[in-house]
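In what follows, a single structure is set out as C-alpha cells and then discussed.
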Amino acid sequence: MPELPEVETIRRQMENNLVGRKITDVIVRFGKRLEPAQKKFIEAVRGEKFVGFSRRAKLLMLHLSNKLTIAAHLKMTGKFVLKPHGTEPEKHVHVIFVLDNGQDLWFHDVRKFGYLKIISLEKVEELFKGDEFGPEPLDKKFSLDIFESCIKSRKNKKIKPLLMEPKCIAGIGNIYADEALWHALVRPTRRAGSLKKPELAKLYDGIIVSLTESLKHRGASSENYRDLFDTEGESTNFLHAYNQEKCARCKGAIKRIVIGTRSAHYCPKCQK
DNA sequence: TTTCTTGTTTTCAG
DNA sequence: ACTGAAAACAAGAA
C-alpha cells in the first residue's frame with residue numbers, strides 16, 4: 001500500500017518524465033471513482049499539458065495547463081504506470097491518459113478504493129492551509145517540539161493508531177508506523193502519554209529515518225505497489241518489523257497483533 | 001461463502 | 001462538547 005515514500009517516489013518520477021507532456025486523449029474503462037463523472041472528467045483533461053506534480057500526505061497532485069489539478073489517492077492498491085502507446089490494458093486499468101510522446105499513462109487499481117478528483121488551484125491551496133493534515137514529516141518545519149506537543153495533547157490514545165492519524169503527522173500508514181516504533185524500541189500498544197522524553201525523541205528520529213531510508217530505495221512493495229515504471233520498490237528488503245518474521249536487531253520472533261482492526265508488528269524483546 | 005486487506009470518514013458510547 | 005474506539009466504506013482475491 002502506497003504511503004509517503006511510495007507516493008513521493010511516483011511524484012518524483014512523474015516530475016522527471018512527464019512535465020510538458022500533452023494529454024492527447026483520455027480513455028475511461030471504469031469511471032465510478034472519478035470526480036466529476038466520466039464525461040466532464042475527460043473534457044477537463046483532454047488536450048491539456050502536465051505542468052508539475054506535488055504531494056500532500058498521501059495525495060498525489062497532477063497539475064494541468066488549464067490551472068486544474070487531478071488529485072489522486074492510491075489507497076491500497078492504486079498505481080500509475082507508463083506503458084508504450086497501445087499496450088493491451090491489464091484487467092484493472094481504469095483510466096488511460098494517452099500522451100504526445102508515444103506513451104500511455106495508466107491508472108490501475110485492483111481494489112478500486114483509489115480515486116481521481118479534478119480540483120481547482122484554490123481547492124489545492126485549501127488542502128495545504130487547513131488543519132486536517134498535520135505537518136509533512138520530511139519538512140524542516142516538522143520539529144521535535146511540534147511532534148511532542150501533538151503526542152502530549154492526545155496522551156490517552158495508543159501510540160500506533162495516533163501515528164497513523166493524518167492530523168498529527170501526514171503520510172504515515174501501517175508500514176512506517178511499525179517501522180518507526182521498532183526504531184524507537186516502543187511497543188505499539190503504549191499509551192501516548194506514557195512515552196518518556198528520550199523515547200519521543202527516538203520515535204521522532206525513527207519516523208524520519210524509516211521514511212528517508214525507504215525513499216532511497218523507491219518505496220516498499222509490500223502489497224502490489226509498483227513505481228511509475230511498473231518496478232517493485234526495493235525498500236521491502238530493508239524493513240525491520242512490518243511483515244517480518246525475525247527482528248533485525250535481536251533475531252527474536254516478531255509478534256503480530258491486532259489493534260482496532262489493523263495489524264501491528266513488533267519485537268516483544270526489544271520494544272518496551 | 002467467508003475472511004482479509006487499508007486510509008479516511010462516520011458513528012457511537014462515555 | 002469532546003474524546004477515543006469501533007464500525008463503515010470503497011471491492012476483489014484467495
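FYI, it's all coordinate maths here, none of it is from the lab. On a predicted model such as this, the values are computed, not experimentally measured, just so you know. Cβ atoms come from the backbone with ideal geometry, glycine included; neighbour counts cover every protein chain shown.
Structure notes:
- Kyte-Doolittle mean at least -1.0 and Cα axial length at least 15 Å: DSSP H helices in chain A: A:4-18, A:174-184, A:197-216
- Take every DSSP beta bridge whose two residues both sit in chain A; close to 95 percent of them are antiparallel.
- Ordering of A:243-255, A:207-219 by burial proxy (mean other Cβ atoms within 10 Å per residue, highest first): A:207-219, A:243-255
- Rounded to the nearest 20 debye, dipole of the stretch A:1-135 from Cβ charges on Lys, Arg, Asp, Glu: 280
- The stretch A:4-129: antiparallel DSSP beta bridges as a percent of all, rounded to 5: 95
- Sorted on the mean count of surrounding Cβ atoms within 10 Å across their residues, most packed first, peptides A:63-70, A:191-198 read A:63-70, A:191-198.
- With the charge dipole of chain A set up from +1 on Lys and Arg Cβ and -1 on Asp and Glu Cβ about the Cα centre, the Cα lying farthest toward the positive end among the listed residues A:LEU74, A:CYS247, A:LEU34 is that of A:CYS247.
- Assigned charges on the beta-carbon of Lys, Arg, Asp, Glu; the stretch A:144-266 dipole about Cα centre (debye): 880
- Only Cα pairs under 8 Å and 6+ residues apart enter the sum, and on that basis the relative contact order of the stretch A:15-101 stands at 38 percent.
- A Cβ-based charge dipole, computed about the Cα centre of the stretch A:117-173 with Lys and Arg at +1 and Asp and Glu at -1, lands at about 400 debye.
- The stretch A:1-68 versus the stretch A:176-212: alpha-carbon centroid distance in Å: 34
- 3J(HN,Hα) from dihedral phi, the stretch A:83-88, Karplus parametrisation 6.51/-1.76/1.60, rounded to Hz, x for glycine, proline: 9, x, 3, x, 4, 4
- Projecting the Cα positions of A:GLY219, A:VAL258, A:GLY193 onto the charge dipole of the stretch A:137-265 (unit charges on Cβ atoms of Lys, Arg, Asp and Glu, taken about the Cα centre) puts A:GLY193 furthest along the positive direction.
- Residue-averaged 222 nm ellipticity for chain A, from DSSP H runs of 4+ at -39500 (n - 2.57), nearest 500: -8500 deg cm²/dmol
- The string of couplings for the stretch A:19-25 from the Karplus curve (6.51, -1.76, 1.60, θ = phi - 60°) is 5, x, 6, 8, 8, 7, 7 Hz, one whole number per residue in order, with x for Gly and Pro.
- Interchain or long-range residues, amide H under 5 Å from A:ARG21's placed H: A:PHE50
- Projecting the Cα atoms of A:TYR204, A:THR231, A:LEU105 onto the dipole axis of chain A, where Lys and Arg carry +1 and Asp and Glu carry -1 at the beta carbon, places A:TYR204 farthest toward the positive end.
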